[in-house]
Amino acid sequence: MEKTDEGHPLEFIYGMGMMIPKFEENLKGLSENDTFQFKIEAAEGYGLSDEKNIIELPNSVFEVDGEKKEELFVVGKVIPKCKTIMVTYLMVL
């Protein structure tokens with residue numbers, strides 16, 4: 001999950017398949033500086049929530065040099081010991 005704002009806009013190449021199809025479909029026909037707003041339903045985005053896609057990770061994966069790094073408990077951060085895993089939703093138990 002990414003957060004964008006005026007200072008950090010989302011950058012991608014339109015038409016290259018870098019974004020979900022419905023996202024690009026909503027941009028079709030827009031020009032630079034156009035104002036727009038749209039909503040993409042989960043089923044047309046990354047899919048509906050599925051318990052099978054939830055994994056439990058031990059707290060140790062959030063450790064760097066033996067210390068738990070609280071700043072890693074943030075959506076969008078890459079977990080150091082699992083470089084292919086990015087935090088997209090976080091529930092601390």
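The values are calculated or read from the model by the stated rules, or taken from the named source; none is laboratory data. Computed from a prediction, not measured in an experiment: that's the story for all the values here. Methodologically, a virtual Cβ is constructed for each residue, glycine included, from the backbone with ideal geometry; neighbour enumeration extends over all protein chains shown. Heavy atoms of the whole protein, side chains included, go into the accessibility calculation; ligands, DNA and RNA do not. Shrake-Rupley method; radii C 1.70, N 1.55, O 1.52, S 1.80 Å.
Does K22 count as under 21 Å from T4 (Cα atoms), in contact with a Gly (Cβ under 7 Å, 6 or more places away or on another chain) and at pLDDT 80 or above?
So K22 fits the description; yes.
Taking region 29-63 on its own, how many of its residues are of a type in the set (S, T, Y) and open to solvent by less than 70 Å² (accessible area, probe 1.4 Å)?
Residues that pass the stated criteria total 1.
Hey, among the residues in region 11-28 that are open to solvent by 70 Å² or more (accessible area, probe 1.4 Å) and among the acidic types (D, E), which one's farthest from G47 (Cα to Cα)?
Looking at the filtered set, the residue picked out is E11.
For a quick check of your reading of the model, give me the residue pairs whose first member lies in region 30-56 and is touching a residue at least 12 places away in the same chain (Cβ under 8 Å) and closer than 30 Å to E6 by Cβ, whose second is open to solvent by less than 70 Å² (accessible area, probe 1.4 Å) and part of a loop (DSSP other than H, G, I, E, B), with beta-carbon atoms closer than 6 Å and at least 6 apart or on different chains.
G45/I20
Taking the criterion of being over 19 Å from the mean Cα position of the chain (by Cα), without any contact (Cβ under 8 Å) to a residue 60 or more places away in the chain, assigned to a loop (DSSP other than H, G, I, E, B) and surrounded by 10 or more Cβ atoms within 10 Å (Cβ to Cβ), would at least one residue in region 65-75 satisfy it?
Within region 65-75, one or more residues are over 19 Å from the mean Cα position of the chain (by Cα), without any contact (Cβ under 8 Å) to a residue 60 or more places away in the chain, assigned to a loop (DSSP other than H, G, I, E, B) and surrounded by 10 or more Cβ atoms within 10 Å (Cβ to Cβ).
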